[in-house]
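Read the figures in this text as sums done on the coordinates, not as results from a lab. A quick note: this is a predicted structure, and the numbers were derived from the prediction, not measured. No Cβ is skipped: glycine too gets one built from the backbone with ideal geometry, and neighbour counts run over all protein chains shown.
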Amino acid sequence: MIKGSNKRMHGVTLRERLELLAGNLASQWNGGREVTDRLIAAGGDAWNSPLCALAKLDDSALETEFGSDDEHINDALEGLESYLASETWYERALSRLPGLEALRDGPVAYFCSEFGLAKWLPIYSGGLGILAGDALREASDMGLPFVGVGLFYRHGYFHQELSDAHRQTEYYDALDPARLGLRRAQDASGTDLLISVPLADREVRAAVWILQVGRVPLYLLDTNVPENEDESDREITGTLYGGDQETRIRQEIVLGVGGIRALRALGIRPQVISMNEGHAAFLGIELLAEELPSTDFFTALRRVQSRVVYTNHTVVPAGNDVFPRDLVRRYLGPYVESRGIGLDQLISLATPGTDSGFQMAILAFQMSGRANAVSRLHAEVIPREWPGFEVQAVTNGVHVPTWTGPKIRQLLDEFVSDWRGDEPSWEGIESIPSERLGEARDEQRRLMVDYISQLTGHGLDATALTLVWARRFAEYKRAWLIGSNLSRLARLLGDPERPLQLVFSGKSHPRDEAGKNMMQEVLQRLEVDETVSRRVVFVEDYNEEVGRYLTMGADVWLNTPRKPLEASGTSGMKSGDNGGLQVTVTDGWADEVDWYEVGWGIRGTGDEQDAIELYDYLEDSVVPTFFDRADARVSERWASMMRKTMTLTLSGYSSRRMLTDYVEKLYLPLLREQEVAAAPG
């Protein structure tokens, strides 16, 4: 029941209009973010969802906060309604892409262990989840028949605090899906859906929650239900990437097997199943079990492969689960034997050697008819790690309307008016006057500096050249590289004529002691010299919102992985969309770019040489170019490089391009194979 309010416009109350904006995440990138941000602020808790904040405010409080702002709210609501009613890419593509029509009867089901969609829904840890969130947003924009499938973690991912000695500590929130505004999925009879998932010698129950992401529903499975009498079963979906290997295998069985069962219970029979990483690969077992009553094992496997796509995001061992065979036998043995699948036959699919563990990446490859890497270089690396498997390169991309800051969006509206369309005229970026671009960049830097000051109490210079390093603190990402030569760094940061400052942010996995040690050592090292320490700030608790502010405000985005371990990376794309220039090791997506007059590419030949190149670029080119502006707002060469960077990332590294590649290179070939297999004769 929607509570009433006396204020009405077009027959809809103020509360009802706010509820419409708060109830669909698409409002965030269609003109409603400022309204929902104000709603959260008025609710008094920055971690509330907009719907949760709305429920806490009575009509009087809503009138006080929004009563004089009808025009802004109505504009945002009209933007959302227009978006949802508009013709989509999918409708336009049906005539030119034979086979795409099949998705009308069965959508793409996109499985991932994490989805990064909002600060207030911390069921993501980093790049994998943020990428998954962007895929849902873009599928909504394109009108692609698409559903997401994941897990609802009752404690989410951890919040980060640093001790006085810069040691990371973790704490968790208790999340209530109903309070956050998620709604419970129901079966055909209108009863709350409850699915059953086989685990060892018992059945575990899971509720299904729905979050609406524009046109796309995200289904999240949750084992914290009264029907599970054992507390350990209720805690299966407790924390993202928490617990030991037993927790992980139970989570991945719920995601894979339970996810397929949830779709079946909802009446959804996907034509294509897209696994974003191998955590969901157990879904192949449930699909095999469905096929086996009518055919033999290998025919059933081919049928499964004709529907499944696997995207690998990393060759780093920490990102690919390997389970002991005994654990697989214990948790899956009774289930697979009861469904006619030979357990030893199943185990052999994911164990390349007689002494090896059960590898989820290999199982994912075996269950898939198409597989892809997330950059061209990554596609070259995968066969060295997993010989015998073919992959295509589909480089990652980012959702442009989400990650561009407000001032850059205004410039795009003016100079690239079709920037939200299928084939934008990106050449219009070259027409943006340097003064206008510099003004937009200055304003977004100021927004970032104000935000950091609010979070940390550390006052940064809103006019200084600002370098940002922000990502997961894993050893191979080498946060320490920028601090490896303190004397050179002190000279850069201590020049009063050319002010420069450095921002760090990022988390280390709770069990990654090497990453935590690196973080602590880096931050302690940067404290040694006062010239350095007063120009460096660390922003705790890196999340989607922090990432948005840093990528829209950074002048220079630093990316320093040890080549070739960064499969793609996407934060630099977001920075580039906002005119941020890149100083990057040429790894992942950055290996695909000719950085001449666009940014600065470090070759990635080794730690020592990479550090030398980094400092040489900063001293000899980056800083001089930025400050070579006389009385102008921005250096002409810097403005030219910003325009080139924006054109590069906006045209080539968007989630629109990425998802179109998925459709044309991966999904459509499977749909056409299915059509041929189903043809008579």
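Could you grab the Rg to Rh ratio for segment 382-515? Cα atoms only, Kirkwood for Rh.
Reported Rg/Rh (Cα atoms, Kirkwood Rh): 1.05.
Given charges of +1 on the Cβ of Lys and Arg and -1 on the Cβ of Asp and Glu, with all other atoms neutral, how large is the dipole of segment 8-85 about its Cα centre, in debye to the nearest 20?
Dipole of segment 8-85, to the nearest 20 debye: 220 debye.
Taking the Cα centre of the chain as origin, work out the dipole magnitude from +1 charges on Lys and Arg Cβ and -1 charges on Asp and Glu Cβ, in debye rounded to 20.
800
Mind pulling up the Rg/Rh value for segment 402-653? Radius of gyration and Kirkwood radius, both on Cα.
With Rh from the inverse mean 1/r over Cα pairs, Rg/Rh is 0.94.
When only DSSP loop residues count, what GluC sites (Glu not before Pro) in segment 31-106 have their Cβ near at most 15 other Cβ atoms within 10 Å?
Counting only loop positions with at most 15 other Cβ atoms within 10 Å, the GluC sites (Glu not before Pro) in segment 31-106 are Glu87.
What are the extents of the Cα atoms of the chain along their three principal axes, listed from largest to smallest and rounded to whole Å?
Principal-axis extents of the Cα atoms in the chain, largest first: 77, 67, 53 Å.
Do you know the relative contact order of the chain, to the nearest whole percent, from alpha carbon pairs under 8 angstrom that are 6+ apart?
Averaging sequence separation for qualifying contacts and normalising by length gives 12 percent for the chain.
Stretched out fully, how many nm does the piece from Thr456 to Asp173 gain, at 0.36 nm a residue minus the Cα gap?
99.8 nm
If you restrict to DSSP beta bridges whose two residues both lie in the chain, what percentage is antiparallel, to the nearest 5?
Antiparallel bridges: around 35 percent, rounded to the nearest 5.
Multiply the residue gap between Ala514 and Ser68 by 0.36 nm, knock off their C-alpha separation, and tell me the result in nm, one decimal place.
Residue separation times 0.36 nm, minus the Cα-Cα distance, leaves 155.2 nm.
Can you tell which of Leu650, Thr570, Gln582 lies farthest toward the positive end of the dipole of segment 543-681, using +1 and -1 charges on the Cβ of basic and acidic side chains (Lys, Arg; Asp, Glu)?
Working it through, the farthest residue towards the positive pole turns out to be Leu650.
Treating the angle as unsigned and between 0 and 90°, give the value, to the nearest 10°, between the Cα long axis of helix 636-652 and the longest Cα principal axis of the chain.
Approximately 10 degrees, to the nearest ten.
If neighbour count is taken as other Cβ atoms inside 10 Å, put Met573, Met658 in order from fewest to most.
Met658, Met573
Based on Cβ point charges of +1 for Lys and Arg and -1 for Asp and Glu, what charge dipole magnitude is obtained for segment 284-403 about its Cα centre, in debye rounded to the nearest 20?
Its charge dipole is roughly 220 debye.
With each pseudo-label sitting 7 Å past Cα toward Cβ, what's the Phe627-Lys665 distance in nm, one decimal?
Output for this residue pair reads 4.3 nm.
Are there trypsin sites (Lys or Arg not before Pro) in segment 33-74 that DSSP puts in a loop and that have at most 12 other Cβ atoms within 10 Å, and which ones?
Within segment 33-74, no trypsin sites (Lys or Arg not before Pro) qualify (loop, at most 12 other Cβ atoms within 10 Å).
With the Cα gyration tensor of segment 251-343 in hand, convert its eigenvalues to equivalent ellipsoid semi-axes via √(5λ) and list them largest first in whole Å.
21, 18, 13
For a quick check of your reading of the filter: which trypsin sites (Lys or Arg not before Pro) in segment 136-217 sit in a DSSP loop and have no more than 15 other Cβ atoms within 10 Å?
Arg167
So how far apart, in nm, are the two label points at Ala200 and Tyr596 if each is 7 Å from Cα heading toward Cβ?
6.3
Under a crude label model (7 Å from the Cα following the beta-carbon direction), how far is Arg603 from Ser431 in nanometres?
That separation, rounded to one decimal, is 4.2 nm.
Which of rounded, prolate, oblate describes segment 514-662, given a ≥ b ≥ c as roots of the alpha-carbon gyration tensor eigenvalues and a/c under 1.5 marking rounded, otherwise prolate only if a/b is larger than b/c?
rounded
From the mean inverse distance of alpha carbon pairs (Kirkwood) and the Cα radius of gyration, derive Rg over Rh for segment 142-260.
1.02
Kindly provide the helix-only [θ] at 222 nm of the chain, computed as the sum of -39,500 (n - 2.57) over DSSP H runs of four or more divided by all residues, to the nearest 500 deg cm²/dmol?
Only helices count here, giving -12000 deg cm²/dmol.
Run down the lysines and flag those whose C-alpha is under 17 Å from the C-alpha of Lys477, throwing out any fewer than 8 positions away in its chain.
The qualifying lysines are Lys507, Lys516, Lys563.
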